[in-house]
Amino acid sequence: MQFLRESFIVFRRQLRMNLRNPAWVLIGLMQPILYLFLFGPLLKPMAEQLGVQNTWTFFVPGMLVQLGMFGAFFAGFGLISEWRDGVIEAERVTPASRTALLMGRLWRDLLQLLVQALVLVGLGYWVGMDAPLGGVVLGVLLTLLVGGACAAASNALALTTKSEDVMAPVINVVMMPVLLLSGILLPMTIGPDWLQRTSDFMPFRWITDGVRGSFLGDFGANGVMWGSVWAVVLFAIALWWGTATFRKENA
Amino acid sequence: MIHARGLVQTFQTREGRKKGEVRAVDGVDLDVAEGEVVGFLGPNGAGKTTTLRMLTTLLRPTAGTATVAGFDVVKESEQVRRSIGYVSQSGATGQFARAGDEVVDHGMLYGMSAADARRRGQELFGQLDLEGLWGRQPKTMSGGQRRRLDIVMGLIHEPTLVFLDEPTTGLDPQARANLWTHIADLRKRRGATVFLTTHYLDEADALSDRIIIIDHGKIIAADTSDNLKAQVSGDLVDLEVADPDLVAEAAKRLDSIAETDSDGRDAVEIDGNHVRARVQRAGKAVPGLLADLRAADIDLESIEVLRPTLDDVFLTLTGRSLRDAESSAPADPTSKEK
């Protein structure tokens, strides 16, 4: 109870500051819209090659996972400036739970992601995506798990490095292989065998496959199961890492 | 209120391939009684902030123990946090947040209700001359206002022990003097115990009952300002002689009441028309000296008697002046670059 209350105080503070900056809200909403309208049409002529019937049903899940990962990767940058202002230290001298300090921030990131995901899915249906509601709900849930994992990891990284100059290259180094090997934009199945085998080692590819499968209503498929397993595992690891960083005495 | 024994903090450093260990705090013993205002003085990098961060539970001691407000800083850190207020060097509020919101949220993290936190916060805004700034963003406030806002944050839950880390660093003299009155009020108005770090001698002198001096991670002195100054042998007497030909003669007279230094050398210093020496209890000795000089027909342009300063104390204890120590000290590994 007390933990939830403390998380909520932190969450409310974060949300208040974000909403006060309309540019932030706008960019957050524009992102999915731009991807959908500027990249989505490129896939249409390739439908046959990709082996899909409806390119939107294929494309929207990929966008969802990308939103979940990439938006959240940058969550930590805000934390660095908060740390520099002394806010983190001020919160850490209060008796509030250290995990709540992280959790409140994660809730903010997840709320942002949820709103973006709803906009994206809504627009997807509007342009002709064909997906069962249950599959969409599961897909969005998996996305939130991935986003939570990335946001927690980003916060942990921020509090460890305490410097944008160190953090930016690290995130770039992580993002490149994730983007190229997870099949977000194009499916890995159209690539050569060795590339497919390489992408087997990329947890995010399994998750992307899982979200796609769930949008197709293919719940029994292996894809959905492995995607869900990976999403839960990543979320648990990142949460543990983030909490450990916030708990660490010298952060 | 504070009892620390053998506090140690070591940091791992790395220079190229060479790994090293810095003992930022090296066996610190501290005792602060209830209601005391204690100044924790030392050059930058001496270990002040590191000690403070251990006492406020932000940093786990490498070795040693400390109880703060009756609770162990490691085993009962939550109770310690509940009982203390901490005003850090780096501020406590988001640049773009609103001052009042920050204060209320901070109070709520201490378990206060929103209404209580707001009432208490507004009361503190009044006491610390921040009326009308409740809705302002900290980035639009002056340095002095921001420091006072940090103090409001530190006092929101009415702690009985307040830690202030370099409260006036970076403030202009007027804002500094103003903040001093507010710090003095902490005890006067609410009977709080105050532990403040500073590298300004005048600040430690003006605000604290007792001064603890730290250098290279070790406590080198702890006493009242007056007692510390008494360790410096004598007051400085400075005579300006009117007739240059009589300077040597005046020096001889001054020598008769002056301290000899530890080597038994003559401690009188001649500098142009000026003759200086340390004299024990100058207030008592000087009238005799003046009579002596008059009898010898030596006229003076001026006479000055200077009580020892804390800088003299530091010089006596370490052989360095505090200003030299500042420039040669390594950066405090826990302090944040600004």
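The values are calculated or read from the model by the stated rules, or taken from the named source; none is laboratory data. Since the model is a prediction, treat every value here as computed from it, not as a measurement. FYI the Cβ positions are ideal-geometry reconstructions off the backbone, even for glycines, and counts take in every protein chain you see. Protein only, heavy atoms only, side chains kept; ligands, DNA and RNA dropped before computing areas. Shrake-Rupley method; radii C 1.70, N 1.55, O 1.52, S 1.80 Å.
With angles folded into 0 to 90 degrees, how steeply does helix B:173-190 sit against the dominant principal axis of chain B? Use alpha carbons for both and round to 10. Roughly 70 degrees between the two axes. Looking at B:GLY45, B:PHE195, B:PHE125, which one has the Cα that reaches farthest to the positive end of the dipole of chain B (charges on Cβ: Lys, Arg +1; Asp, Glu -1)? Result: B:PHE125. Placing +1 on each Lys and Arg Cβ and -1 on each Asp and Glu Cβ, with no other charges, gives chain B a dipole about its Cα centre of roughly 2100 debye. Amide H contacts under 5 Å for B:ASP215: B:ILE220, restricted to partners 5 or more places along the chain or on a different chain, H placed in the peptide plane at 1.01 Å from N.
Its alpha carbons give the stretch B:2-229 an Rg and a Dmax of 17.7, 55 Å. Rounded to the nearest 0.05, what FRET efficiency do A:TRP24 and B:ASP226 give with R0 = 51 Å and r taken as the Cβ-Cβ distance? Could you check? So, using R0 = 51 Å, E works out to roughly 0.35.
Taking only the C-alpha atoms of chain A, the Rg (one decimal) and the largest Cα-Cα distance, Dmax (whole number), read 18.6, 60 Å. Computed over Cα pairs, the Kirkwood radius of the stretch A:73-136 leads via Stokes-Einstein (1.306 mPa s, 10 °C) to a diffusion coefficient of 110 µm² per second. Each residue, B:ARG23 and A:TRP126, gets one label point 7 Å from its Cα in the Cβ direction; the gap between the two is 6.9 nm. Of the DSSP H helices in chain A, those that are both long (alpha-carbon extent of 27 Å or more along the helix axis) and hydrophobic (Kyte-Doolittle mean at least 1.6) are A:133-161. Structural descriptor for the stretch B:233-307: relative contact order 50 percent, calculated from alpha carbon pairs under 8 angstrom and at least 6 residues apart.
For the pair A:MET46 and B:ALA296, label points projected 7 Å from Cα toward Cβ lie 10.2 nm apart.
Once you charge only the Cβ atoms, +1 for Lys and Arg and -1 for Asp and Glu, what is the size of the charge dipole of the stretch A:96-251 about its Cα centre, to the nearest 20 debye?
460
Distant-in-sequence amide contacts of B:VAL37, defined by a placed amide H-H separation under 5 Å and a gap of 5 or more residues or a different chain, comprise B:VAL194, B:ASP209, B:ARG210. Ranking B:GLY135, B:PHE163, B:ILE151 by how far each Cα lies toward the positive end of the dipole of the stretch B:119-164 (charges on Cβ) leaves B:GLY135 at the top.
Evaluated at q = 0.15, 0.18 Å⁻¹, the base-10 log of the normalised Debye intensity for the stretch B:233-307, with identical point scatterers placed on the Cα atoms, takes the values -0.42, -0.61. Projecting the Cα atoms of B:PRO244, B:ALA285, B:SER302 onto the charge dipole of the stretch B:233-307, computed from C-beta unit charges around the Cα centre, puts B:ALA285 farthest toward the positive end.
What accessible area per residue comes out for the stretch B:2-229, rounded to a whole number of Å², with a 1.4 Å probe?
Computed with neighbouring chains in place, this is 39 Å² per residue.
Computed from phi, the 3J(HN,Hα) profile of the stretch B:197-208 under the Karplus parametrisation 6.51, -1.76, 1.60 (θ = phi - 60°) reads 9, 7, 10, 9, 5, 5, 5, 4, 5, 6, 9, 9 Hz, with x in place of Gly and Pro.
Coupling constants for the stretch B:70-82 follow from the phi torsions by the Karplus curve (6.51 cos²θ - 1.76 cosθ + 1.60, θ = phi - 60°), and in residue order they are x, 10, 6, 5, 8, 7, 10, 4, 5, 5, 4, 4, 5 Hz; glycine and proline get x. For B:ILE219, the solvent-accessible surface with a 1.4 Å probe is about 50 Å², rounded to the nearest 10. Scalar couplings 3J(HN,Hα) for the stretch B:214-223, obtained by applying the Karplus form with A = 6.51, B = -1.76, C = 1.60 to θ = phi - 60°, are 10, 8, 6, x, 10, 6, 10, 6, 8, 6 Hz; x denotes Gly and Pro. For B:THR181, project a label point 7 Å along Cα to C-beta. Then give me every residue of the stretch B:104-147 with its amide nitrogen under 15 Å of that point. What the label zone holds, given the 15 Å backbone N cut-off, is B:126-131, B:145.
Straight-line reach from B:LYS75: taking Cα to Cα under 18 Å and skipping same-chain neighbours fewer than 8 places apart, the aspartates and glutamates in range are A:GLU249. Rounded to the nearest 10 degrees, what's the angle between the helix B:114-127 long axis and the longest principal axis of chain B, both from Cα atoms, 0 to 90? Taking the Cα atoms of chain B, the angle to B:114-127 is about 20 degrees.
Express the carbon and sulfur contribution to the solvent-accessible surface of chain B as a percent, rounded to the nearest whole number, probe 1.4 angstrom. Please report the intermediate quantities before stating the final value.
Working: 7220 of 15490 Å².
Roughly 47 percent, rounded to a whole number.
If one takes the accessible area of chain A alone plus chain B alone and subtracts that of the pair, with a 1.4 Å probe, what total in Å², rounded to the nearest 100, results? Mind dumping the intermediate values first?
On the way: alone 12470 and 16780 Å², together 26550 Å².
Between A and B, the summed buried area is about 2700 Å².
Taking a straight Cα-Cα cut-off under 24 Å and skipping sequence neighbours fewer than 8 places away in the same chain, the lysines within cross-link reach of B:LYS284 are B:LYS229, B:LYS252. Of the Cα atoms belonging to the stretch A:22-163, the radius of gyration and Dmax stand at 17.7, 60 Å. Mean sequence separation of contacting Cα pairs (under 8 Å, at least six apart), scaled by the length of chain B, corresponds to a relative contact order of 20 percent. Basic side chains Lys and Arg get +1 at the Cβ, acidic Asp and Glu get -1 at the Cβ, and with that the dipole of the protein assembly as shown about its Cα centre reaches some 3100 debye. For the protein assembly as shown, the calculated P(r) over all alpha carbon pairs, in 10 Å bins from 0 to the bin holding the longest distance, is 3, 14, 20, 18, 14, 12, 8, 4, 3, 2, 1, 0 percent.
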